[in-house]
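Scroll down for the structure; my scribbles are underneath it.
The values are calculated or read from the model by the stated rules, or taken from the named source; none is laboratory data. Predicted model only: the values in this text are computed from it and were never measured. Using ideal geometry, Cβ is built from the backbone for each residue, glycine included, and neighbour counts are taken over all protein chains shown.
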Ligand SMILES: NC(=O)c1ccc[n+]([C@@H]2O[C@H](COP(=O)([O-])OP(=O)(O)OC[C@H]3O[C@@H](n4cnc5c(N)ncnc54)[C@H](O)[C@@H]3O)[C@@H](O)[C@H]2O)c1
């Protein structure tokens, strides 16, 4: 897809945290961008100028088929989903409906409109479950613990229905963070910790805080998606950093950078649905996609904190 001016991309969930970063990056690259979002979590104000916006639910099969048929993009980038592990226990049916059945609708609409490429945002944090070895490669067993993880794995598998007309790229992201992540919705521990400290409240840690996660900056996620549009690769790729940080380390780093010395986390009983360690092996993405995460942990956190403080009400900035 060499002539960027002619490339049309449709992003589902494009008004959300990751989706809106993608929309901005694709617009900056000169692509023609459309977004489909029901605005359950996404915001119009996140979207850059020049994007065509369709307010629609991916569970509405007919609407999705019609929009894809009208737009006829070269690439569909499917990011719409319900994304909270914790909430998925409270609303498992809705998680299944949106994440699995909604993806089935997207797959059907992609095939009907003869779309060349489908990029799907899966979860390397939620679908592997308890793994014996770290880092986790794409071949390791998938045994999700939560309804969220189950729905994302089933969604991935529904991409197998695509025939040869469509190249499928599945990205299994680790824990994505960065400016624009909303701390109110139970995921995104970096945003949640920073928001608590800004409000002078002790962040909650479930368990002893020694659980490790692989935190990837949203800009690195964006470059993986830009690369996927322009390369002929297909298949499943872990997208993370290959590096683990414990929750205690994250808390220490954020309090240090915010200059907070007098607030300690509140430790609560561990959640059954949390794995202890989750760090992704990214050798395949490096070798085949020629992609490399570039944002260091320190720089990424500092940039995220700057953005959170910038948007905080004045009385919280002192
Ligand atoms: N943030 C992470 O750490 C992470 C990690 C792994 C995978 N992912 C995946 O990346 C994608 C984006 O996640 P995010 O963190 O940007 O979340 P987000 O909630 O900010 O974005 C999801 C978007 O989808 C929209 N949406 C939800 N239900 C919809 C529906 N029925 N129809 C149309 N639109 C709908 C929301 O309004 C929102 O704009 C999701 O597929 C998620 O599973 C995220």
Q: Residue by residue through the range 268-289, note down the ones that are outside any helix (DSSP H, G or I) and in contact with a helix residue (DSSP H, G or I) (Cβ under 7 Å, 6 or more places away or on another chain).
A: 273
**Q.** Given (1) in a strand (DSSP E or B); (2) within 15 Å of the ligand (Cβ to nearest atom); (3) touching a residue at least 24 places away in the same chain (Cβ under 8 Å), number of the condition residue 9 does not satisfy
**A.** (2)
Q.
Going through 169, 176, 189 one at a time, which residue ends up being within 25 Å of residue 296 (Cβ to Cβ) and modelled with pLDDT of 95 or more?
A. 176
(Q) One residue is enough: does the range 225-241 have a residue meeting the conditions farther than 22 Å from residue 282 by Cβ and either crowded, with 18+ Cβ neighbours inside 10 Å or touching a strand residue (DSSP E or B) at 6+ places or on another chain (Cβ under 9 Å) (or both)? (A) no
Q) Is one or more of the residues making up the range 180-198 more than 16 Å from the ligand (Cβ to nearest atom), under 21 Å from the mean Cα position of the chain (by Cα) and either crowded, with 18+ Cβ neighbours inside 10 Å or more than 23 Å from residue 281 (Cα to Cα) (or both)? A) no
Q: Evaluate the range 247-267: report whether one residue or more is in contact with a helix residue (DSSP H, G or I) (Cβ under 7 Å, 6 or more places away or on another chain), within 16 Å of the ligand (Cβ to nearest atom) and either within 25 Å of residue 155 (Cβ to Cβ) or at pLDDT below 95 (or both).
A: no
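Residue-by-condition table, conditions (1) within 13 Å of the ligand (Cβ to nearest atom); (2) surrounded by fewer than 17 Cβ atoms within 10 Å (Cβ to Cβ):
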position	(1), (2)
63	yes, no
67	yes, no
70	no, yes
78	yes, no
81	yes, no
88	yes, no
100	yes, no
109	yes, no
113	no, no
Q: Output yes when any residue across the range 247-255 is at negative phi and free of Cβ contacts under 8 Å to residues at least 12 places away in the same chain, and no when none is.
A: yes
Q) For residue 298, which of the numbered conditions (1) surrounded by 15 or more Cβ atoms within 10 Å (Cβ to Cβ); (2) in a helix (DSSP H, G or I); (3) at pLDDT 95 or above fails to hold? A) (1)
Q | Counted residues, the range 124-158 - those being in contact with a strand residue (DSSP E or B) (Cβ under 6 Å, 6 or more places away or on another chain) and either within 13 Å of the ligand (Cβ to nearest atom) or assigned to a loop (DSSP other than H, G, I, E, B) (or both) | A | 8
(Q) Can you report the number of residues in the range 28-46 which are out of contact with any helix residue (DSSP H, G or I) (no Cβ under 7 Å at 6 or more places or on another chain) and more than 9 Å from the ligand (Cβ to nearest atom)? (A) 4
Q) Being without any contact (Cβ under 8 Å) to a residue 40 or more places away in the chain and farther than 20 Å from residue 161 by Cβ, is that true of even one residue in the range 67-85? A) yes
